[in-house]
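In what follows, a structure is listed as C-alpha cells, so that the remarks can point back to it.
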C-alpha cells in the first residue's frame, strides 16, 4: 500500500528499487564465495543497512520529493533482512546497527500513532 502510494506520487522509486536489488544481489554473491571474511562481512552489513537507505533518500526522497520519514521503514527493513544474506554466525556491524534501528522503530511507531490520533480527531470534529 505504501509502495503503491509512493510509486504513484513520486518519479524515482523504480530507480531506487533496481539499485537496491543490485546492491543486495552483489552482496549475496560475495557472501557465498571465498570473500565471506570478517572485514568483507562488516562492509557488506554496512552496505545493506546504511547504503540502501541512503540510496532511497538520494533517489526517492531528495529527487522525487517523498517525505523524509519514509527512509525509516527502508532502514528497519534493511536491518531485518541483512541476516538473510550474510553468512551464518558472521554479523559484521549488525549488532551496532541494531542499536540504531531500535530508536528508529520507536520513532516510526510514534509518528504513526500521532497520525492516527490526528486522523481520529479530524473524523470526530
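Starting with the fewest neighbours, write out 99, 24 ranked by other beta-carbon atoms found within 10 Å of each beta-carbon.
Details: 99 8, 24 18.
Neighbour counts put them in this order, fewest first: 99, 24.
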Which order results if 45, 78 are arranged by neighbouring Cβ count within 10 Å, fewest first?
78, 45
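Every number here is computed from the coordinates shown, using simple stated rules; none is lab data. Model, not experiment: these values are computed from the prediction. Cβ coordinates were reconstructed from backbone atoms using ideal geometry, including for glycine residues, and neighbour counts include every protein chain displayed.
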